[in-house]
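> Right, I'll just put the structure down here and ask away after.
The values are calculated or read from the model by the stated rules, or taken from the named source; none is laboratory data. Remember, predicted model here, so these are calculated numbers, not experimental data. Cβ sites come from the backbone with ideal geometry, for glycine too, and all protein chains shown count toward neighbours. When the accessible area is computed, the model is the full protein with side chains, heavy atoms only, and any ligands, DNA or RNA have been set aside. Shrake-Rupley method; radii C 1.70, N 1.55, O 1.52, S 1.80 Å.
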Amino acid sequence: MIDVRDITKIYRLGSVEVPALRGVSFNIARGEVVAIMGQSGSGKSTLMNIIGCLDLPTSGEYYLDGQNVAALEEDQLAEVRNRKIGFVFQQFNLLPRLSVQRNAELPLAYDGNLSQREITRRSSEILRAVGLGERMHHRPTELSGGQQQRVAIARALINQPDLILADEPTGNLDSHTGAEIMNLLLGLNRDQGLTLVIVTHDPHIAAQTQRIIRLKDGLIEGDEAAPQTTTQAVSV
Amino acid sequence: MKLYRLLIEALESLNANKLRSILTVLGIVIGVAAVIAMLGIGRGAQASITSRIESMGTNLVYVTPGATSQGGVQSAAGSAGTLTLDDADALAELPNVSAVASVTNSFVQVVYSSNNTRTRLMGVTPGYQEVGSLTLEDGEFISEAAQNARSLVVVLGNQVAQDLFGSTAGVVGQKVRLNGQPYKVIGVLAAKGGTGFMNQDDQVFIPLSTALYRLVGGARFRGSSVISQITIKASDAKTVDQVVQEATRLMRERHETVEGADDFTITTQQDTLDAATQVSDTLTVFLGGIAGISLLVGGIGIMNIMLTTVTERTHEIGLRKAVGAKRQDILLQFLVESMVLSLLGGLIGVALGWGASQMMGQVQILGSSAITPVVGVDSILLATFFSMAVGLFFGIYPATRAARLQPVEALRYE
Ligand SMILES: Nc1ncnc2c1ncn2[C@@H]1O[C@H](COP(=O)(O)OP(=O)(O)O)[C@@H](O)[C@H]1O
Ligand SMILES: [Mg+2]
């Protein structure tokens, strides 16, 4: 599904060049659960942005479902993000002015095919599924961190994507809440076969995935199967 | 994004910054309100002037003594005593017209017991009733007999009767004094309406002969009595131009003058109407200028606040793009917001301006009766359209800036 070939990304700050990725290649198959690990500044977020079609690499090629992403126009990239990809961010990134339900519905506002009735039906269903059936009309700021991240997950799921990209989804949560969120994400893979790519610093979380890609200074340092034993250990 | 959803989000976002939104549109509100109010008053004034002029009859031609200046404006008219009864008789011989002479004295004192009023005196021949379209409420107009006998009789304008007697009933037959001379009231005119110098109800009529030989006149020119004005009534509105030409020709012949050196002036109702329209057109252009400037200033205010909004919401724009918003979606979002903002300003301005013009309509200016403001649908539509156009125009730059933001950069913005 994801085919990354010798990708580099160089940020230019004035005359200074910051190489965030220096030649990264890997494949991720449909239905895989992958953790990306590495120190702060090693290029994890840069890589996620490229996989998520939010940004283009400086060189190298990226094929998503066989489609060369570099060949797409800005608005076509937006469409790919809308249809195929769900994002979960460390900062939740909910819009404080909108209700929980309207936040979850946001991607559908840019889809244009569904009636408001269908949109409401879908968002209600998904919010109930992530345990927020009672909070749909609240503002995000009235919710706890864990609940806010659930809204973000609902938003990522609303357009039935194939790929969920989560950049340190538990980074702002305590370990118990973080474990709940991880269970929710892993459940999506187990029940619906979604492909998951999760950036994390936490080895316990990485251990729940199937495969760990380690980055260091913009290069892949290791790419191996996760230790199998702990996968079932965490339960909520 | 669907339009209704864009509208809802725009309203929500403006509502979230209520005070700021209100302050932003204040410029547009005040500008639009001022223009709506002043246009309403201006048009009301014009409508009442026009109807008053038309109530005097549209096929009237006036001959007055004195020259016309270059611009067509009468200068020192009436000061030269060159218009005579013989002129009036000659003009009356023209085909398809009736012509009557009159003398005018603007300041005559009319007294009834302890009441008195200052009004305009008209010395007229019996034919003036038809020419001036005068209707009697009570009694009769000046007769040939009264004219021939130089009788001391007077017909009162409606308001004069009201002022002196408190009503128009039972006034006929009473005695009033004009500049000290006793006159018998033989008629009271029906009210015609009008204010200020145009008030046709605020005048009194006596026989021309009485005026010339017993009250006002006495001056003579070329062996005939000097009069103030000759009023010609053309048979219908279409022949007015022809009557003007013939009257001019005849007067030049009699006075031995040439074009540019005339000692008389001929005007028509149409001239007066045109002058009034010209004043109102000038006013409209002037108001349009004010409206333009205030909308421009208001628009700059909107652009300023929209730029601030875009900066404040950079992170939001990043997120919207991440979940699939295209450039056009973001562009529309901010365009709709700035248009809703300026449209609201325009609508509030229309409402305020309408209210203000109604209030101003209640106020009596210099004792004349209040005018009815006319706030037309067209000026409301125009104000609405222009305020929306301002929102569109001044929203384009901020909205384009928002639409151009790169998702990653925008998401990194704190
Ligand atoms: N937009 C940017 N402009 C300039 N430098 C950037 C930008 N984004 C990331 N970097 C730099 O690229 C490197 C990798 O950043 P990032 O991918 O965010 O790392 P990580 O997510 O692993 O912490 C860092 O040195 C960071 O400072
Ligand atoms: Mg990062």
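> Can you say whether A:Q160 is out of contact with any helix residue (DSSP H, G or I) (no Cβ under 7 Å at 6 or more places or on another chain), away from ligand 2 (no atom under 16 Å from the Cβ) and assigned to a loop (DSSP other than H, G, I, E, B), as far as the supplied structure shows?
Working: out of contact with any helix residue (DSSP H, G or I) (no Cβ under 7 Å at 6 or more places or on another chain): yes; away from ligand 2 (no atom under 16 Å from the Cβ): yes; assigned to a loop (DSSP other than H, G, I, E, B): yes.
Taking the combined requirement at face value, the residue satisfies it.
> If you don't mind, another one. Of these, A:E168, A:E118, which one is out of contact with any Pro (no Cβ under 9 Å at 6 or more places or on another chain), open to solvent by 20 Å² or more (accessible area, probe 1.4 Å) and away from ligand 2 (no atom under 16 Å from the Cβ)? Even if it seems obvious, please write down each step before you answer.
Numbers: A:E168 fails: away from ligand 2 (no atom under 16 Å from the Cβ).
Criteria check complete, one pass: A:E118.
> A further question follows. Which of the residues spanning the range A:103-115 are open to solvent by 40 Å² or more (accessible area, probe 1.4 Å) and at the interface with chain B (Cβ under 9 Å from one of its Cβ atoms)?
A:G112
> Follow-up. For the range A:54-67: of the residues being acidic (D, E) and more than 10 Å from chain B (Cβ to nearest Cβ), which is farthest from ligand 1 (Cβ to nearest atom)? It would help to see each step written out before you state the result.
Filtering the range A:54-67 down to residues acidic (D, E) leaves A:55, A:61, A:65.
After this cut, where a residue has to be more than 10 Å from chain B (Cβ to nearest Cβ) as well, the list is A:61, A:65.
Numbers: A:E61: 19, A:D65: 24 Å.
Looking at the filtered set, the residue picked out is A:D65.
> Next up: Please enumerate the residues belonging to the range A:214-236 that are modelled with pLDDT of 85 or more, open to solvent by less than 90 Å² (accessible area, probe 1.4 Å) and out of contact with any Lys or Arg (no Cβ under 6 Å at 6 or more places or on another chain). Reasoning before the result, please.
Of all residues in the range A:214-236, those modelled with pLDDT of 85 or more come to A:214-225.
Add one more test, that the residue is open to solvent by less than 90 Å² (accessible area, probe 1.4 Å), and what stays is A:214-215, A:218-220, A:222-225.
Passing the criteria: A:R214, A:I220, A:D223, A:E224.
> Name the residues in the range A:54-76 that are more than 16 Å from ligand 2 (Cβ to nearest atom) and under 16 Å from the mean Cα position of the chain (by Cα), would you? Break it down into steps so the answer makes sense when it comes.
Step one: list which residues in the range A:54-76 are more than 16 Å from ligand 2 (Cβ to nearest atom), which gives A:56-76.
Listed by number, the list holds a single entry, A:L64.
> Still on this model: Scanning the range A:73-91 for residues that are over 17 Å from A:I164 (Cβ atoms) and open to solvent by less than 30 Å² (accessible area, probe 1.4 Å), which turns out farthest from the other protein chains (Cβ to nearest Cβ)?
So in the range A:73-91, the residues over 17 Å from A:I164 (Cβ atoms) come out as A:73-79.
Okay, now just the ones that are also open to solvent by less than 30 Å² (accessible area, probe 1.4 Å), so A:77-78.
Working: A:L77: 9, A:A78: 5 Å.
Only one residue tops the list, namely A:L77.
> Right, another one. Could you list, in sequence order, the residues of the range A:21-45 that are farther than 18 Å from A:V199 by Cβ and among the aliphatic types (A, V, I, L, M)?
Matches in the range A:21-45: A:A29 only.
> Take A:I198 and tell me if it is within 16 Å of ligand 1 (Cβ to nearest atom), touching a residue at least 40 places away in the same chain (Cβ under 8 Å) and not in a loop (DSSP other than H, G, I, E, B). So that I can check it myself, show each step before the final result.
Details: within 16 Å of ligand 1 (Cβ to nearest atom): yes; touching a residue at least 40 places away in the same chain (Cβ under 8 Å): yes; not in a loop (DSSP other than H, G, I, E, B): yes.
It is true that A:I198 is within 16 Å of ligand 1 (Cβ to nearest atom), touching a residue at least 40 places away in the same chain (Cβ under 8 Å) and not in a loop (DSSP other than H, G, I, E, B).
> Here is a further query. Contact list please: Cβ distance under 9 Å, first residue in the range A:5-20 and farther than 18 Å from A:A70 by Cβ and within 14 Å of another protein chain (Cβ to nearest Cβ), second residue near ligand 1 (Cβ under 10 Å from one of its atoms) and open to solvent by 90 Å² or more (accessible area, probe 1.4 Å), pairs at least six apart or on different chains.
A:V18/A:R12
> Turning to a different aspect of this structure: Within the range A:123-170, take every residue that is within 14 Å of chain B (Cβ to nearest Cβ) and among the small types (G, A, S) and give me the one that is nearest to ligand 1 (Cβ to nearest atom).
Only one residue tops the list, namely A:A166.
> Name the residues in the range B:398-409 that are of a type in the set (A, V, I, L, M, F, W, C) and within 11 Å of ligand 1 (Cβ to nearest atom), would you? Can you show your working first?
Restricting attention to the range B:398-409, the residues satisfying the condition of being of a type in the set (A, V, I, L, M, F, W, C) are B:399, B:402-403, B:405, B:408.
Once the filter is applied, which keeps residues that are of a type in the set (A, V, I, L, M, F, W, C) and within 11 Å of ligand 1 (Cβ to nearest atom), the range B:398-409 yields only B:V408.
> With B:S167, B:S143, B:S228 as the choices, which residue is surrounded by fewer than 14 Cβ atoms within 10 Å (Cβ to Cβ), within 30 Å of B:E54 (Cβ to Cβ) and not charged (D, E, K, R)?
Values: B:S143 fails: surrounded by fewer than 14 Cβ atoms within 10 Å (Cβ to Cβ); B:S228 fails: surrounded by fewer than 14 Cβ atoms within 10 Å (Cβ to Cβ).
Only one candidate passes the filter, namely B:S167.
> Can you list residue pairs whose Cβ atoms sit under 7 Å apart, with the first residue in the range A:36-53 being away from every other protein chain (no Cβ under 12 Å) and near ligand 2 (Cβ under 9 Å from one of its atoms) and the second being of a type in the set (V, I, T) and outside any loop (DSSP other than H, G, I, E, B)? Count only pairs 6 or more apart in sequence or on different chains.
A:K44/A:I36; A:K44/A:V199
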